[in-house]
Amino acid sequence: MKGKLILEDGSVFYGEMLQNGNAVGEVVFNTGMTGYQEILTDPSYCGQIVTLTFPLIGNYGVADLFEQSDKPYVRGFVISELCVNPSNWQAEGALADYLKSRNIPCIYGVDTRAITRKIRSHGTMKGIIVSEAASEAEIAELFARPPQIEVVKEVTTKSVYRMLNHGPHVVVIDYGIKRNILNSLHKIGCNLTIVPAHTTAEQIMALQPDGIFLSNGPGDPKDLPEAVEVIKDLLGKKPMFGICLGHQLIALALGADTYKLKFGHRGSNQPVKNLTTGRVHITSQNHGYSVHEDSLAGKNLIITHRAVNDGTVEGMRHQDIPLFSVQYHPEAAPGPDDNTYLFDEFWTLLTKGE
Amino acid sequence: MPKKEYLRKVLVIGSGPIVIGQAAEFDYAGTQACRALKEEGIEVVLVNSNPATIMTDANIADRVYIEPLTPEFLEEIIAKERPDGVLATLGGQAGLNLAFKLAERGVFEKYHAELLGTSIEAIKKAEDRELFKETMQAIGEPIPESTIVEDIESAKQFAEEIGFPLIVRPAYTMGGTGGGIASNDQELVDIVTRGLKYSLIGQVLIERSVAGWKEIEYEVMRDANDNCITVCNMENFDPVGIHTGDSIVVAPSQTLADYEYQMLRSASLRIIRELGIEGGCNAQYALDPNSNQYYVIEVNPRVSRSSALASKATGYPIAKVATKIAIGYHLDEIVNAVTQKTMACFEPTLDYVVVKFPRWPFDKFMFADRILGTQMKATGEVMSIDRTFEGALLKAVRSLEIGLHRLHIPEIAGLSTEAIRDNLKLANDERLFVVAEALRRNIAIDEIHQVTGIDFWFLDKIKNIVTMETALREGVLSPELMGTAKKIGFADKTIAEITGKTTDEIRNIRKEQQIVPCYKMVDTCAAEFEAATPYYYSTYAQEDEVSISHKRKVLVLGSGPIRIGQGVEFDYCSVHSVWALREMGLESIIVNNNPETVSTDFDTSDRLYFEPLTPEDVLNIIDKEQPEGVIVQFGGQTAINLAGPLAKAGVKVFGTSVENIDKAEDREKFDALLEEIGIPRPQGTTVTNAEDAVREATKIGYPVVVRPSYVLGGRAMEIVYSEAELKDYMNRAVKASPEHPVLVDRYMQGTEVEVDAISDGQDVLIPGIMEHVERAGVHSGDSIAVYPTQTLPSAVIQTIVDYTKKLAVGLNVKGLLNIQYVIADGVVYVIEVNPRSSRTIPFLSKVTNVPMVNVATRIALGATLKSLGYQPGLMPPKPYIAVKAPVFSFAKMLQVDISLGPEMKSTGEVMGTDYHYARALYKAITAAGMNVPSQGTVLFTVANKDKAEAGELAKGFADLGYSLVATAGTAQYLQSLGLAVDTVQKVHEHKADIIQMIKTGKINMVINTLTHGKEPERDGFKIRRATVEHAIPCLTSMDTAKEVLHVLNFMRERRLVYALALQDYVGGGDNLV
């Protein structure tokens, strides 16, 4: 069945629909050449239609091992070629079947480079996936739907759970955490308690943590004022590490500001300079918002990492309290694992007092 | 850290002549290096023996030394120039080996020159097998169980421990020379023996074979601050077991999950860090298709062929960045030339698929073993870009210029299904086509995978292509079907062939259906950032993002893959033509598909289209760009072949007209022209069948030269001496038919002379005349050529000038032409005229200081010689002598006869220049790698017709103190002249036969001329091959031998090493005499 992706500005991109079903969401692109399943299941994409710039998708199939959460959260998937017969020893199935069984609207055979160019010049836009036969009214209705803001609520864990280990006890606030962050923390020895995003500071402190971790997640940090308040209460009490949305929330909690990037950073090849060592690391990124550099003045924060391409803030550290955070994804999955040293730094922070 | 400010002068070491395993990619790398240094205000001194390169142009480096790449010459140049730094990692394995030798001699300390980039210690760690093993073990990177042996016994012992199959690789060689896979004791002994011989340090590595695993490569960069990035990864279509240079390669990897991709990427970073590389490096892995287990196979601590490919595949200029790193910059201080905003410290991401396809010389070397293994055999490669794998693969096949436009070879299609099954087992150059045929016969993908080890993913893609063939054959050519076929790369010609229509019809239908390609940009970042690179490829998709300018513009056709007969010289010409256009203020557009070249650097022309050079692909670009016309005379036969179809489609061809090109190439028309202007040629005729050939040959008289019409590089050309040989030739070598006539010419055994001239249709400028050392009969590309002529009387030169002018005017040549003459008994005959640039243009341009391509380009666009300030006629000869010598890659091609003949066999060339002819010749043969012994034993075994000449030669060698040995007949003759000659046993006559003597070092040079017949079984063949395997000189032309003797005589009393820059010769040089 023929279908199309229509963007807010009226541009239309044609392709084949994998199955019936429309999609509405903010259209973003990811430039990674591998890792489509990790992207699909990264809760940070909740509410978004994701297009991949690499044209051959599904080559190595899907496997449980690569899931970053319990299910895919993207609202729609726009790709060029969808591989029918995958080939990899780990493949447990084909991507097409995976998308169908999970009801993810997918349009393939699309000129995804054209979409990327459009978003690059116009900025991130709302878009819809519909069949070619969709009526004007139907299209208008889809565009009229209000933007979804309660995405964190949708992706956060519904209940507290634990990943036991012998090391320090870390409470992880789950705003939409990727499985590999948990695995990375667990691997270095952390004893983890994962709590829902709406957990209060009292509830968290009652768990007697040695450290607090703030996860990645979808959406605009400013849509989460309660979370910011919780973090304010926790600041300085225990060593704290934040990634992505967690990093933005820390900034807000410290009185700094965040803003929406024109089209975000999404891909596995983003260079970031570690300002402490002078070294550049290639990072995996997925964020549409960023911490405003000017707003950090007077907050006792130092910028520790900076994006090489556009100079935006990618990491910060507090000068007085044991706290640091990064905008990018040291846990990779997908992407390069050049940055696992950050987990070691968290470990150092957790164990320094001992 | 910023640039090392103390570097004011840097010496760049080039890679020398083109040989299999080391091709034009180092011209690209070296040229980028020189420019990157000049940009920094550093004075650049360049040394390279290869004159056919852009890098040896006087405008690329401040001081260009076209001198032999030996430690002696290098030390001389360093002593003279006193550079602050030496850059060797962009000159391939040749450059690296040289740096290694210079370090051993203490040259760097002695002259206070710093070896820039990767250190000698790091190079050793990567190249020395034992050190490499230790290093990998230290960082926990797995390598296959292996051992290093220096003798056969240890090799056998290891085989007992590990079992077969085993891979054998000699240490310190390139292109895997002398390596192989051994499956039993005997093979092990053979390969190890050979490997020990080729290794510079007498070592070979033997290791467990991981044949059948996935072969994956990463291109990695590192700076002194330990910043590391990977530029690109690549997956081989063929599993481990076939040299990566002989594999079809796809970028990025296609069958690796993110986890596997990152696992090997991380390994690459650990490796480059541990080795301490500063610059570029290439790491190769074997990855188990059934687990996450992998082995590191090899690491190249330098810019390599794969780096060139990765550069072109991603747009990331590896050579340039490696150079900047070498002079001190860090990756985050170097601007990404593509975006001009972001920095070089990032990883390119692709939004297309790249396929590299090797170009093999098996069309030339009929007897060569076509089985591919660990020893590289390809002379060149093509690259293609598309948004589907199928599209990229089919584009690559079209780009190869092997007469194919799809995965279909008629001979293979004619085989039985059983034969197809058998052929699947052969890992040769045709296997892809056999796989496609197997799929057409419905042989299961599982079975094909079992036999070939090729990943299911690739096989499935080939299946898609085969399925589309059926759909086209059986279906209606609807816009949907046409669109899908074009999306997966089907050429109009292919669709035409399958649907029984003509190519023009398909093109028209397609255009009516509004199915036309669109063009996209290669920008390193998958469109994330706006890029400024005018580097494009075609695909069938929704958006054409390339806007065209409305400036005056001209399209230049490139020369495609490097092959025997069409080497880097033609890329040199294309690039100079583009530069001339830019100088003239015209927009220049280049179309080419060779990733190894300077022409496919995105900043060479105003616009680069990386596309196959077929009429369809080029016409599509012309449809889009609407240039004023095309220039075809610089892209070798590739471009000339396109002139007709383009002109027919209404495209303006600048320069010599298509009619006149045809007049020079069509036998009858050419004969008519010669008759009209009164120029003699060797008697000859055209035949279309074997009977006519015999009848005509009898009329002309033997020996005759026979060849198919319209070929390049003397392909399938032979001299035959009898009717029997002629019949054999007509049956074996050619399929004569009215469409494919065969030329039969009288063979004139005279002096061969070559002229390159520039004509504007009225006046003709001849910058110089070259005389060949070898008499006619040896292909001009395989002859030693000397500028200026040494033996020709002025009357003959006058005739040549006169004929050249008449031919140029007669063909109304507008631009370059190349003419070959033979002078027999004082009479000048014309052999052939090529109304295009030739192999000798770079050589002649450099030695005469006439920018021949620039002038020819301007003339093609309407200028005259006089308007450009050139006096017509022959330019006065320069006071120095330049000698061009051929270089062969016989060591890489087993079963190939090395004797020189009318069919071209050399892969590259070198130049020697000096004020003394003998020293120029000495430099040329030294640069060519001919290891002429200064004493020892010379073997003579010559045909009867050559005995008299052999006598004189033998006497000369004896007078210089060489011992002589000869086979019975030759010995008898030499003894009759009173020479002391030992008779040696022919092959098989005795245990102590010639082969044994060569093997044991008792013969140090061989002079052997051919007795007729080409079967490899013959003795002469075995002797000649033995000289290749044991790296001793073998001269198969009496003329070459005579000149070698002359050099030995002359140089005995003279200084061997004397280096002078090109600028000294062509500049103030005239006053030095």
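Values quoted throughout were computed directly from the atomic coordinates according to the rules given, and no laboratory measurement underlies them. Computed from a predicted structure; not experimentally measured. Backbone-built Cβ (ideal geometry, glycine too); neighbour counts: all protein chains shown.
Annotations
- Peptide-level mean, for A:62-72, of C-beta atoms on other protein chains within 10 Å: 1
- Whether region B:884-951 is rounded, prolate or oblate, judged on the alpha carbon gyration tensor where a/c under 1.5 counts as rounded: oblate
- All lysines inside 25 Å of B:Lys9 as judged from Cα atoms, apart from same-chain residues fewer than 8 positions distant: B:Lys38, B:Lys80, B:Lys101, B:Lys110, B:Lys320, B:Lys324, B:Lys846
- Gap separating the Cα centres of region B:874-928 and region A:142-169, nearest whole Å: 73
- Given A:Lys118/B:Lys493; B:Lys511/B:Lys652; B:Lys486/B:Lys652; A:Lys232/A:Lys260; B:Lys133/B:Lys156, the pairs whose alpha carbons are separated by over 24 Å: A:Lys118/B:Lys493; B:Lys486/B:Lys652
- A simple packing score, the average count of other Cβ atoms within 10 Å per residue, orders the peptides B:901-907, B:474-480, A:14-20 as B:901-907, A:14-20, B:474-480, with the highest score first.
- This model, with +1 at the C-beta of Lys and Arg and -1 at the C-beta of Asp and Glu, gives chain B a dipole about its Cα centre of some 1540 debye.
- Cβ neighbours within 10 Å from other chains - mean over B:511-520: 1
- Positive dipole terminus of chain A, leading residue within A:Asn22, A:Asn191, A:Gly255 (C-beta point charges): A:Gly255
- Fraction of alpha-carbon pairs over 21 Å apart in region B:519-650 - percent: 36
- Positive end of the dipole of the protein assembly as shown (Cβ unit charges, origin at the Cα centre): among B:Phe389, A:Val160, A:Met205, the Cα lying farthest that way belongs to B:Phe389.
- When the Cα positions of B:Asn184, B:Phe164, B:Gly195 are compared along the charge dipole of region B:145-209, B:Gly195 comes out farthest toward the positive end, with charges on each C-beta of Lys, Arg, Asp and Glu.
- Pairwise centroid distance, computed over Cα atoms, of region B:570-630 with region B:930-963, Å: 50
- Packing around the peptides B:607-619, B:553-565, B:140-152, taken as the average count of other Cβ atoms within 10 Å per residue, puts them in this order, highest first: B:553-565, B:607-619, B:140-152.
- For peptide B:258-269, the mean count of partner chain Cβ atoms within 10 Å of a residue's Cβ comes to 6.
- Sites listed here are GluC sites (Glu not before Pro) in region B:713-794 whose DSSP assignment is loop and whose Cβ has at most 14 other Cβ atoms within 10 Å: B:Glu739.
- Counting other Cβ atoms within 10 Å as a rough exposure proxy, the listed residues B:Phe367, B:Phe362, B:Phe654 run B:Phe367, B:Phe362, B:Phe654 from fewest neighbours to most.
- Contact order normalised by residue count of region B:145-209, Cα under 8 Å, 6+ apart, percent: 45
- Cross-link pairs beyond the 22 Å C-alpha cut-off, checked among B:Lys905/B:Lys945; A:Lys178/A:Lys273; A:Lys222/A:Lys299; B:Lys124/B:Lys356; A:Lys153/A:Lys262: B:Lys905/B:Lys945; A:Lys178/A:Lys273; B:Lys124/B:Lys356; A:Lys153/A:Lys262
- Computed about its Cα centre, the charge dipole of region B:519-650 is approximately 520 debye, with only Lys, Arg, Asp and Glu carrying charge at their Cβ.
- B:Val556 long-range amide H proximity, modeled H, under 5 Å: B:Ile589, B:Ile590, B:Val591, B:Ile631
- In summary, the lysines within cross-link reach of B:Lys866, defined as a Cα separation below 20 angstrom excluding same-chain residues under 8 places away, comprise B:Lys805, B:Lys806, B:Lys814.
- Taking the Cα centre of the protein assembly as shown as reference, the dipole from Cβ charges on Lys and Arg (+1) and Asp and Glu (-1) amounts to some 1440 debye.
- Mean Cβ count within 10 Å, highest first, over the residues of peptides B:670-679, B:12-21, A:104-113: B:12-21, A:104-113, B:670-679
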